[in-house]
Amino acid sequence: EKSQLDIGDFNLLLRGMDDLLGKLKVLDRDGNNYPIILIDGAHGLRHMVANPESRDVLKAFFDWIVCASKQEKLCHVIVSSHHGLFVRWLHEFSSGTNRINLRTVLMSDLNKERSIDFMRQYFRHKAGQKLPDFNLNSTCLVEPDYEALYQVLGGRIPSLKVFIQDYVSGISHHDAIMTHIVSAERSLYEALTPEYWPNQVPWTKYEWLNCMREIVKEPTGSVEYHKLQEKTKISRTSLDSLIDHKLLIYRCST
């Protein structure tokens, strides 16, 4: 349970990690091979901040990362999340008395050239898995129109992967695109009926419509976070909730 984390037990866990990493370092004869610890889905950590005891645990965890990686040079640690707000939250958490050293690497949407290259490589990989004898001259599975796909799906890697998986699994080019359009329409309907969400949400359909109205006005199809707040008068809690529910996408600019 998030509210039952104990700082003492957590420190015991971290000491156990230190012992394990120390043994791995002894086995490294060259002294140049560092284990890599990958913590995926790290946006879940932000829910620990509400509880003071959990916040102490979280601070101890980040302190340990800095010590184990930068000071003791026992390992590399990568903390990753697909959630755009995670980077903002991490910087906010590391301010003041919680100051921690971090280096952020942001992965944005692919441009057209990279999107087409990614789709082409991923298609050939998935096609090869399904059909061991697959080749580009095969008539049973023709490469999709990557240019058209980019116009519909843009450069979001998750969307591109899902489309290719559907297409290779036997769904037609047209039907695979329609699946994404129907999914988008369903999201629009859900946004306009917040009262039907399993858990109560802080935003109203009028707030969401105001956000969309401002976004479609922009040639780039995007608005800076604070400018959107200013123009629509939507609260930060409501705007963050729209992002949490994947009705808006937050992209860091730094």
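Give a residue-ordered list of calculated ³J(HN,Hα) values for segment 210-215 (Karplus: 6.51 cos²θ - 1.76 cosθ + 1.60, θ = phi - 60°; whole Hz; x for Gly, Pro).
Each residue's phi maps through the Karplus curve to give 5, 4, 5, 4, 6, 5 Hz.
Filter the cross-link list 23/70; 112/205; 59/227 down to pairs whose alpha-carbon distance in this structure exceeds 24 Å.
112/205; 59/227
Scan around residue 39 for amide H atoms under 5 Å from its own, H built in the peptide plane at 1.01 Å from N, and keep only partners 5 or more places away or cross-chain.
Amide H neighbours of residue 39, under 5 Å, 5+ apart: 78, 79, 80.
Starting from the Cα of residue 70, step 7 Å along the direction of its Cβ; do the same at residue 34; then give the gap between the two resulting points in nm.
Label-label distance for residue 70 and residue 34, simple model: 1.2 nm.
Quick one: 3J(HN,Hα) in Hz for segment 61-72, Karplus 6.51/-1.76/1.60 with θ = phi - 60°, rounded, Gly and Pro as x.
Result, rounded to whole Hz: 5, 5, 4, 5, 4, 4, 5, 5, 8, 8, 8, 7.
Report the full-extension gain for the segment residue 24 to residue 189: residue separation times 0.36 nm, less the Cα-Cα distance, to one decimal in nm.
54.1 nm
Ordered by residue, what ³J(HN,Hα) values in Hz, to whole numbers, does segment 238-247 give under the Karplus form 6.51 cos²θ - 1.76 cosθ + 1.60, where θ = phi - 60° and Gly and Pro are x?
With the stated coefficients, segment 238-247 comes to 5, 5, 5, 5, 4, 6, 4, 8, 6, 8 Hz.
Read the figures in this text as sums done on the coordinates, not as results from a lab. What you see is a predicted model, and the numbers here were worked out from it, not measured in a lab. Here Cβ is always computed from backbone atoms with ideal geometry, including for glycine, and neighbour counts include all displayed protein chains.
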